[in-house]
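Below is one structure, written out as structure tokens; comments come after it.
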């Protein structure tokens, strides 16, 4: 009789556990944001081959490459949430150090989470190239909104990746510093920052040491991310770049691009670059 009673008790407990698990699952599912239906935003599907060619992490399911960006995503997300921030600028000391690809993959990685949407803005207006990472042709973008009053809603692109939307840079312009600090641009940043509470905005900015754009625009961001390239960026260049923005906006960290296979901590990276 005791064995029968024990068996019945175990069965009841297992039923309760299954019921509790199902309840938790339903609660979790109901708390997820609903799928986004894009109406005015241009939606398209970028071939996986194009994403792979340009090393966009959405084309890879696993590996050290995707893991590195997921770690970066986690670190950036933690800092943003700790401080109530949602606007990040990505820059580098010089040209060709990988800041655009880092901005793209950070934004894509953030957009793969279901708790937030992500908008990537190509604000390197002298040389806008983010759209090419997705295999897109040159077309209108941020510059056309700022100079020609083209509606932002008609310029946004959803390339079929998670909750990710891109605002291309549009045509290249020479007076980018003045345009990035114009009242119209400042108002746009405020709109992008506050319109959706669960949105993170990532700005792909020009190199710090070659234009005044980052110094002029950084006060409108919450924080900056610095991208350097192993074997290319010198310690002096990194120190100069960090020195320029130290009184402007906090730097979330330094991303070492094209690093070797050895595992380095952030402190070791900086020591290696500056030593």
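All of the numbers you see were taken from the coordinates with simple rules; none came from a lab. Computed from a predicted model, the values in this text were never measured in an experiment. Every residue, glycine as well, gets a Cβ built from its backbone with ideal geometry; the counts of neighbours run over all protein chains shown.
With N as its number of residues, region 162-254 has a Cα radius of gyration that, divided by 2.2 N^0.38 Å, comes to 1.17.
With Cα atoms as the point set, the radius of gyration and Dmax of region 36-274 evaluate to 16.8, 49 Å. Applying 1/(1 + (r/R0)^6) with r as the Cβ-Cβ distance of residue 195 and residue 234 and R0 = 45 angstrom yields a FRET efficiency of 0.65. For residue 83 and residue 44, the difference between the fully extended length at 0.36 nm per residue and the C-alpha to C-alpha distance is 10.6 nm. With both labels modelled 7 Å from their Cα along Cα-to-Cβ, the residue 187 to residue 150 distance reads 2.0 nm.
Computed extension gain for residue 210 through residue 172, at 0.36 nm per residue and net of the alpha carbon distance, reaches 12.1 nm. Peptides 165-171, 148-154 ordered by packing proxy, namely the average of other Cβ atoms within 10 Å per residue, highest first: 165-171, 148-154.
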